[in-house]
Amino acid sequence: MNPTDDHTNDDFDLGLQHDLMRLVSRRRMLRYVAGAGAGAVAATTLAGRASAACVLIPEETAGPYPGDGSNGPNVLTQSGIVRSDIRSSFGSMTGTAEGVPLQITLRLTDVTNCGVLQGAAVYLWHCDRDGKYSLYSSGITNQNYLRGVQVTDANGEVTFTTIFPACYSGRWPHAHFEVYPNLASATSAAN
């Protein structure tokens, strides 16, 4: 056997942990894991105590290309935006975002009493597998896929069927969301 044919040391299909360790230094990875573990313990502790104080997630930098009227198009006023499967465009647009299927579930909690936040509207959007945003990126300005609104159920949850978003320069794969008090107010970023 030729040593160049020996693929036992190939650096592919070794799992997520291997890939992450190659992407991020060990020390930095340990900080992420420790933070995630502490967050999980805190969430479990808070969920187990009815009297525990809820913590409001700090406001984050507004996501790019929201399509909420704040910097261009507003899909929130279009018929068809309320949906759970956001892989295809809606209304007069007909494209479908290709990629690895993904299901995203968000659970909202009322910070005033740590109870379920039922009836709130969640607008979720993200880029496609190439790192492009519908309505904004070259070649897909005539699409509105990977955008949708849902109303939280009795458990305070919404679930979106989508695709895994790409990473792009300076950003890990991620999704953006805005929370509105109710569906009637989910028409503009101003609300």
- strands (runs of 3 or more DSSP E) (entirely within the stretch 103-181) containing at least 1 residues that are out of contact with any Cys (no Cβ under 7 Å at 6 or more places or on another chain) and over 15 Å from R83 (Cβ atoms): 157-163, 176-180
- Single unsatisfied condition, L117 versus (1) open to solvent by 80 Å² or more (accessible area, probe 1.4 Å); (2) in contact with a Gly (Cβ under 6 Å, 6 or more places away or on another chain); (3) within 19 Å of L56 (Cβ to Cβ): (1)
- What's the number of the condition R83 fails, among (1) in contact (Cβ under 8 Å) with a residue 60 or more places away in the chain; (2) within 26 Å of S185 (Cβ to Cβ); (3) among the charged types (D, E, K, R); (4) open to solvent by 50 Å² or more (accessible area, probe 1.4 Å)? (4)
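What about R107, is it open to solvent by 70 Å² or more (accessible area, probe 1.4 Å), touching a Gly at 6+ places or on another chain (Cβ under 7 Å) and touching a residue at least 12 places away in the same chain (Cβ under 8 Å)? Can you show your working first?
Values: open to solvent by 70 Å² or more (accessible area, probe 1.4 Å): yes; touching a Gly at 6+ places or on another chain (Cβ under 7 Å): yes; touching a residue at least 12 places away in the same chain (Cβ under 8 Å): yes.
Answer is yes for this residue.
Matching residues to (1) open to solvent by less than 20 Å² (accessible area, probe 1.4 Å); (2) of a type outside the set (S, T, N, Q):
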| residue | (1), (2) |
| --- | --- |
| V122 | yes, yes |
| D130 | no, yes |
| P165 | yes, yes |
| S169 | no, no |
- Identify, please: which residue in the stretch 47-79 is charged (D, E, K, R) and open to solvent by 40 Å² or more (accessible area, probe 1.4 Å) and is, among those, modelled with the lowest pLDDT? R49
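The values are calculated or read from the model by the stated rules, or taken from the named source; none is laboratory data. Not measured: the values here are computed from a predicted model. Ideal geometry is used to build each Cβ from the backbone, glycine not excepted, and the neighbour counts take in all protein chains shown. Ligands, DNA and RNA are stripped out before the accessible areas are found, and what is left, the full protein with its side chains, is counted by its heavy atoms. Shrake-Rupley method; radii C 1.70, N 1.55, O 1.52, S 1.80 Å.
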